[in-house]
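Q: What follows is a structure written as structure tokens; I'll ask about it next.
The values are calculated or read from the model by the stated rules, or taken from the named source; none is laboratory data. Quick caveat, the model's predicted, so the values are computed rather than measured. Please note: Cβ atoms are built from the backbone with ideal geometry, for glycine as well, and neighbour counts cover all protein chains shown. For accessibility, only protein heavy atoms count, side chains too; no ligands or nucleic acids. Shrake-Rupley method; radii C 1.70, N 1.55, O 1.52, S 1.80 Å.
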Amino acid sequence: MKIRSLKEQYTLQEKCLKERLDLILPEVMFDSEADMWIVASKEYNEDPLFRAITPPDYPTARRITMFAFVKEDDYIHRFSLSMPDESLEKYYEPFYKFGKETQMEALVRLFKKYDPKKIAINSSLNFSFSDGLSMGIYTLFLENLPDKWLDRMICDDMLAVKLMEIRTPTELALMPEVMSVADSIMEEMYSSKIIEPGITTCDDLVWFMKEKTHELGLEYWFEPTMDLQRENGTSPRMDHCVIEKGDLIHCDFGIRYMNMCTDTQRLAYICKDYEDSVPQKYLEGMKIGNRFQDIVMNNMVEGQTGNQVFTKSISQAKEEGIQATLYSHPCNMYGHGPGPTIGLYSQQEEIPVKGDVEVSNNTCYALELNVKVEDIYYYLEETIVVDKNGARFLYANRDQITLVK
């Protein structure tokens, strides 16, 4: 699989950043009661939002990098109260008079100019993505800002959540390409060239996924996993378990490429000497898993909360006699990304607060779930898009169990 040059990747990420700031930022700001939003990061202790609002050639904060988004009529000002930087000045208007005032003095001057009634900061009890303001910077605020401004500070979790969750037009166009890269690694792994029954272990395949990702100059955002199920009903998950003929094997794998993440689980069957196809019982089980995928996707509609999607999907599965478990999550610039939680693997019920977030259009999810059919678990996960036309898969073969001969 050909990976774009680093220059191409930077160009595309810069385009996505401009779209995020021009198109999505105004949308989330005007949905908020905040008049101003302050985002500040210390070097090497960046706010989770940092990678969503900075260009690729600005990988870390510089001392303290601080931005202010300000409403004025129907316009959103974007100010940088940071050290001078040409990369930032493509997207932000410099406000800090470097060398002539402190950053806190510049911030007070900004407050006086626009007199915001409500000032949002990234502090949250419930969402890590909205909790990026460090205690150190907040202490600077307490020590240097007049009470008048401190008293106007508020928290609005959805500012950071939705700014990162909603995909830009270019990101939506690129996601199938990103997914195809991840899928190509799994396709190469699930072959007789890589898997030799009786010799190859689950750990060997884990390392194949990691090494291949590294060779492509990319990164995996979580440690890949591999496990298997056997006809005798055992499900060995040990790293050094040897793969045998007749095993149903399962991987969980996700990469980050051009600031976008994938999250996919795929199945393969190691055929016996006399077999030339996947056993019918597994194909039938897979169809039931695919049916549950369709049920969940049909419920993923703009305005529905994650909890509503979960409850409706599980209820419909029970009505159809499907023994299902649902634990899907947003997948965007973070793998377990900002957005609505749709069940948890260990908590099959509505999830307070995080499950109350509404589904938005132009978002990506890891459609993660499993069904149990005759003591076999079909663990499935596909990266999907939700937009005005509904939910759709980003790559083919979600209904396939790969045959390894």
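Q: Can you grab the distance from the C-alpha centre of region 192-224 to the C-alpha centre of region 303-325, Å, no decimals?
A: Computed from Cα coordinates, the inter-centre distance equals 34 Å.
Q: Just list whichever of Lys212/Lys287; Lys210/Lys281; Lys312/Lys354; Lys148/Lys354; Lys97/Lys148; Lys2/Lys287 have alpha carbons separated by over 26 Å in the model shown. Walk me through the intermediate numbers first.
A: Numbers: Lys212/Lys287 30 Å; Lys210/Lys281 32 Å; Lys312/Lys354 17 Å; Lys148/Lys354 32 Å; Lys97/Lys148 23 Å; Lys2/Lys287 32 Å.
In this structure, Lys212/Lys287; Lys210/Lys281; Lys148/Lys354; Lys2/Lys287 exceed 26 Å between Cα atoms.
Q: Apply the Karplus curve 6.51 cos²θ - 1.76 cosθ + 1.60, θ = phi - 60°, to the phi angles in region 71-81 and return the couplings in whole Hz, x for Gly and Pro.
A: 7, 9, 6, 9, 10, 10, 6, 10, 10, 10, 10
Q: Can you compute the radius of gyration and Dmax for region 97-149, using only the Cα atoms, both in Å?
A: 12.6, 39
Q: Once you have the Cα-Cα distance between Ala396 and Ile154, take 0.36 nm times their residue separation minus that, and quote the gain in nm to one decimal.
A: On the way: separation 242, 0.36 × 242 = 87.12 nm, distance 4.46 nm.
Gain on extension, Ala396 to Ile154, equals 82.7 nm.
Q: Would you mind telling me the share, in percent, of accessible area of the chain contributed by carbon and sulfur at probe 1.4 angstrom? Intermediate results must be reported in sequence, preceding the final value.
A: Working: 8660 of 18030 Å².
That fraction is 48 percent.
Q: Based on the mean of other Cβ atoms within 10 Å per residue, sort peptides 186-194, 161-169, 203-211 so the most packed one is first. It would help to have the intermediate numbers written out before the result.
A: Values: 186-194: 16.2, 161-169: 22.7, 203-211: 17.9.
So the peptides 186-194, 161-169, 203-211, ranked by packing, come out 161-169, 203-211, 186-194.
Q: Thinking of the chain as a set of Cα atoms, what percent of all their pairs are more than 27 Å apart? Show your work: numbers first, answer last.
A: Working: 44897 of 81810 pairs.
The calculated P(r) of the chain puts 55 percent of pairs beyond 27 Å.
Q: Taking each pair of different alpha-carbon atoms in region 281-373 once, compute 1/r for the pair, average those values, and report the inverse of that mean as the Kirkwood hydrodynamic radius in Å to one decimal. Before the final figure, lay out the partial values.
A: Details: mean 1/r = 0.0758 Å⁻¹.
About 13.2 Å, per the Kirkwood formula over Cα pairs.
Q: Taking amide H positions as placed 1.01 Å from N in the peptide plane, with prolines and chain starts having none, which residues 5 or more places from Gly246, or on another chain, fall under 5 Å of its amide H?
A: Ile270, Cys271, Lys272
Q: For the chain, with every protein chain kept in place, what is the accessible area per residue (1.4 Å probe, Å²)? Write down the numbers at each step before the final one.
A: Numbers: 18030 Å² over 405 residues.
With the other protein chains kept in place, the chain gives 45 Å² per residue.
Q: Separate question: For Phe222, what residues show an amide H to amide H distance below 5 Å, using hydrogens built from the backbone and excluding near sequence neighbours?
A: Correct list: Gly254.
Q: Taking θ as phi - 60°, what are the ³J(HN,Hα) couplings along region 387-397 by the Karplus curve (6.51, -1.76, 1.60), each to the nearest whole Hz, with x for Gly and Pro?
A: 9, 4, 8, x, 9, 8, 7, 8, 8, 6, 6
Q: When all C-alpha to C-alpha distances in region 356-405 are sorted into bins of 5 Å, what percent of pairs does each bin hold, rounded to whole numbers?
A: 5, 16, 20, 22, 16, 11, 7, 3, 1, 0
Q: Just the ratio, please: alpha-carbon radius of gyration of region 29-135 over 2.2 N^0.38 Å, N its number of residues. Spell out each step's value before the answer.
A: On the way: Rg = 13.3 Å, N = 107, 2.2 N^0.38 = 13.0 Å.
Ratio of Rg to 2.2 N^0.38 Å for region 29-135: 1.03.
Q: Please give, to one decimal in nm, the separation of the simple spin-label points placed at Lys97 and Glu319, each 7 Å out from Cα toward the Cβ.
A: It works out to 6.7 nm between the two label points.
Q: Between Pro26, Pro224, Pro59, which gets the highest mean-square fluctuation from a Gaussian network model of the chain, Cα cutoff 10 Å?
A: Among Pro26, Pro224, Pro59, the largest mean-square fluctuation in the Gaussian network model of the chain belongs to Pro59.
Q: Any number yet on Rg/Rh for region 202-327, C-alpha, Kirkwood? Intermediate values should be presented prior to the final figure.
A: Values: Rg = 17.5 Å, Rh = 17.1 Å.
Here the Rg-to-Rh quotient is 1.03.
Q: Moving on to the next point. Tell me, what HN-Hα J-couplings in whole Hz come from the Karplus equation 6.51 cos²θ - 1.76 cosθ + 1.60 at θ = phi - 60° for each residue of region 350-355, using x for Gly and Pro?
A: Karplus-based 3J(HN,Hα) across region 350-355 equals 5, 9, x, 6, 5, x Hz.
Q: Within the chain, which DSSP H helices have Cα atoms that stretch 27 Å or more along the helix axis and a mean Kyte-Doolittle hydropathy of at least -1.0?
A: Details: long enough: 169-189 (32 Å, 0.41); 280-299 (29 Å, -0.76).
Flagged H segments are 169-189, 280-299.
Q: Among DSSP beta bridges lying fully in the chain, give the percent that are antiparallel, nearest 5. Walk me through the numbers before you get to the answer.
A: Details: 54 of 66 bridges.
Around 80 percent antiparallel, to the nearest 5.
Q: Quick one: which residues, 5+ away or cross-chain, put their amide H under 5 Å from the amide H of Thr363? H built at 1.01 Å from N.
A: When sequence neighbours closer than 5 places are left aside, the close amide H contacts are Arg167, Val386.
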